[in-house]
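Read through the structure below, which is laid out as structure tokens, and then see the notes.
Throughout, read-outs are computed from the coordinates displayed, never taken from laboratory work. Being a predicted model, the structure only gives us computed values, none of them experimental. FYI the Cβ positions are ideal-geometry reconstructions off the backbone, even for glycines, and counts take in every protein chain you see.
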Amino acid sequence: MKNNQLHIDFKLNGNSFSTSDELISYSANLSKSTHQFLRDWFSKSAFIEVKTSGSTGKPKMIHLKKEFMMNSALATGAFFNLPENTTALLCMSTDYIAGKMMLVRALGLGWSLDVVDTVSNPLKGLEKHYDFSAMVPMQLQSSFSEIEKVKKLIVGGGIVSEDLESQLQGVSTEIFATFGMTETITHIAVKKLNQFKNVTSSTVEKSYYQVLPNVSISQDHRNCLIIDAPKVSEERISTNDVVELISKTEFKWLGRYDNVINSGGIKLHPEEIEKKLSQIINQRFFVAGIPDEVLGEKLILVIESDVSLSAAEKSLLKQIETNFAAPNSLSKYEIPKKIYFVAQFVETDTKKIQRSKTIKNCNL
């Protein structure tokens, strides 16, 4: 099949199309970004222009080969066993690569795709059940009570909290975290999040990221991941993601190199600390390092909340110290030295938290 050929089994919102022109015309009734993407996809150009999310820097436009986008779609279909006539739900914005790739998978693999508004709970009010969908963690959290309407779900664009991951163990939906970026045309690795064997009420077995076919991984001198995926990128991609290589095809993600905090010579990974803190903090939050004369950097906790009383800070710090007194939880270095409350986090267009800009609102 050619990269931009319309699969005979493809359906959009229950409608079949004889030609790409029919599909493009129909999509004008959907969103502007979906309509424009389909026009671009069926054009003679070999590339698609895509905007990066901007979570780790200023958003930029890059060009992706349609051939590579189709290779990515085929790899996902093969890995998750999603053949023709798979029913799928698109509930993410097609302004960005995650939403665009749901369209490409459906177009190339012959899925029956339904498009709904990009809202926090896209399953609310839907009677139909689906074989496959993709969400961000916020959507998964908000859709938890109805998540079993989807058989297989991939989650990207953020971290699934420890508390939510624990709740997922009892649902029938197969749920996977994804690892990837715009440059790798969404995910190049996935990690199972639920349905583990021997799960107890207090313990959730951990899995590692497993790379998709035709993907090789290695590390640089910083222990950051290097990705060699010739089916989706002509160049090896050096990331700022600190990892532990488990095998030639598996890795454990530790956090962003950009976020590593050097506090008194101890290197702290915010993402690992946040996983632990998510067990007792219900609001959105993150930890970060700020300059300190003695330690070089000191660890702070930033919570999205209107609360600003010092009493609340003291109470939470006491709770953190009490809950994590046991071994194998927070070390003494991982206890925040200060807590800041911010009414609203600064976000990217894809709802990812911009940490550095948010910290500027903390009145340090």
Whole-Hz Karplus couplings 3J(HN,Hα) for region 29-45, θ = phi - 60° and coefficients 6.51, -1.76, 1.60, Gly and Pro as x, run 7, 9, 9, 4, 5, 5, 4, 5, 4, 5, 4, 5, 5, 8, 7, 7, 5
Using the Karplus curve 6.51 cos²θ - 1.76 cosθ + 1.60 with θ = phi - 60°, work out ³J(HN,Hα) for each residue of region 157-162 in order, rounded to whole Hz, and write x for Gly and Pro. x, x, 9, 7, 5, 4
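Please list, by residue number, every one of the trypsin sites (Lys or Arg not before Pro) in region 51-124 that is coil in DSSP and has at most 16 other beta-carbon atoms within 10 Å. Walk me through the numbers before you get to the answer.
Values: sites: Lys51, Lys60, Lys65, Lys66, Lys100, Arg105, Lys124; in loops: Lys60, Lys124.
Counting only loop positions with at most 16 other Cβ atoms within 10 Å, the trypsin sites (Lys or Arg not before Pro) in region 51-124 are Lys60, Lys124.
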Between helix 310-323 and the chain: long-axis angle, C-alpha atoms, 0 to 90°, nearest 10: 80 degrees
Which of (i) 34, 23, 18; (ii) 38, 22, 20; (iii) 35, 25, 24 is the computed semi-axes √(5λ) of the Cα gyration tensor in Å? It is (ii)
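How high is the relative contact order of the chain, given as a whole-number percent (alpha carbon pairs under 8 Å, six or more residues apart)? Don't jump to the answer; show the numbers that get you there.
Values: 664 pairs, mean separation 37.5, N = 364.
Computed value for the chain: 10 percent relative contact order.
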Treating region 193-300 as a set of equal point scatterers at the Cα positions, no solvent, please give the Debye-formula log₁₀ I(q)/I(0) at q = 0.13, 0.14, 0.17 Å⁻¹. -0.67, -0.75, -0.98
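Could you tell me the relative contact order of region 234-274? Use alpha-carbon pairs under 8 Å, at least six residues apart, and round to a whole percent.
Numbers: 45 pairs, mean separation 11.6, N = 41.
Answer for region 234-274 is 28 percent.
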